[in-house]
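To keep things clear, I will list the structure first and then write my remarks on it.
Values in this text are rule-based calculations from the coordinates and carry no lab data. Since we're looking at a predicted model, the values are computed, not measured. Quick reminder, even Gly has a Cβ in these numbers, built from the backbone with ideal geometry, and neighbours come from all protein chains shown.
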Amino acid sequence: MIEIKVPELAESITEGTIAEWTVKTGDAIEKGETIAELETDKVNVEIKSDFSGVIQELLAEPGDNVVVGQVIAKLGEEGASAASEAAPKEEAPKAEEAPKAEPAKEATPAAEEKKTGKSRTVASPAARKKARELGIDLDEVSYRDPMGRVRVEDVEAHKQAQNAPKATEKPAAPSKPAAAAPAKPAVQDDARVERIKMSRRRQTIAKRLVEAQHTAAMLTTFNEVDMTAVMDVRNRRKDAFFKKNGVKLGFMSFFTKAVIGALKSFPLLNAEIQGDEILLKKFYDIGVAVSTEEGLVVPVVRDADKLSFAGIEKEIGDLGKKARDNSLGLKDLQGGTFTITNGGIFGSLYSTPILNTPQVGILGMHTIQRRPVVVDDKDTVEVRPMMYIALSYDHRIVDGKDAVQFLVRVKQLLEDPEDLLLEG
């Protein structure tokens, strides 16, 4: 009997949650085949078998927490079955008796399924997760996808249909008041309230955000940027840029370059605290916050100072797609020296971002809004595209003076793209 264990994941990850099994007892598998999906604090990981054989036993249920090195399944040799392993051994026939012919064995459910061609319902990972949370059998869910794939909205619609009162139901007749019973919390019996277990990733996000506020002496300073020059460059160069590089010229490459330029002038914002020491980082791995169905993740653009505008846009685009497809690897998320988050894509006008510890600085971008502003060199009022920017920082090692000047430097670089290109 071969034991399949939770593999080593990463130095900082020691446990996970079984998201789903992709096999069942009795299935024959090949070496390297995925048998389960494990949800960790950062990413989902596929657990693969190092051997070929038949699944004899699954030792954990979806939703169970497991640790590295824990046995989660048992594998037998090809042709063995769970039933044969569990059956008691028969006594050997006596010498004078001829062994009786055994009756033909009934087909196992797995074999029967292969004969009938019945297969597991096709559904997106997000739909499978939602179904587990709501306690819904995917086989019962109707889908609208012409390819037969169940999606999150199909699962939610199925749940709403279950909760909706049937037209044929009649209100129950009033009954006589019963003897007083101990009162129960109204929430438990209220059909208007739905209780959903937090995913491991959401629990981790919540834990880290609270830890950041409890650990760091976090402050936020604000400024505003006139985006006229950046928008003018984009409008004039976007077609040629896309034709040459195959990627759109967005705002993120400008902000990434501006942040790197400011970090070079104020290096303490590119550091972290380790005990009673300050670890100054002389490289620029910039984290870019991405919102997904599973929650916020921060993939890292490595050595962003060495990338061109096109290189930054391509890297951010690739990481964003991997995040939405739930295919980020641990190496995509580890490290990072400074983070940029853009609440403006959701319409946020003003906010205070929370530090992505152990980093000591995070820049928040916001929506661009046309507002009347005084133009200093003209002493006139003009309507300009303005953006509020926010810098949250750890006051334990970053003084207010440096934080304010860092944000002013970011503003200067964005309002003068030529200076930004020289810094780049």
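Let me know the shape class of segment 253-365, please: from the alpha-carbon gyration tensor, a ≥ b ≥ c as square roots of the eigenvalues, rounded when a/c is under 1.5, otherwise prolate if a/b is greater than b/c, or oblate.
Rounded, because the longest to shortest axis ratio a/c is under 1.5.
Taking other Cβ atoms within 10 Å as a rough exposure proxy, Met231, Met387, Met1 sort from fewest to most as Met1, Met231, Met387.
Where the centroid of each part is defined by its Cα atoms, how far is segment 254-297 from segment 1-37 in Å? The distance from the Cα centre of segment 254-297 to that of segment 1-37 comes to 35 Å.
Fewest-first ordering of Arg192, Arg201, Arg144, Arg237 by other beta carbons within 10 Å of each residue's beta carbon gives Arg192, Arg144, Arg237, Arg201. Taking the number of Cβ atoms within 10 Å of each Cβ as an exposure proxy, the fewest-first ranking of His395, His214 is His214, His395. From the cross-link list Lys281/Lys321; Lys129/Lys159; Lys5/Lys207, which pairs have alpha carbons spaced over 19 Å apart? With Cα atoms farther than 19 Å apart: Lys281/Lys321; Lys5/Lys207.
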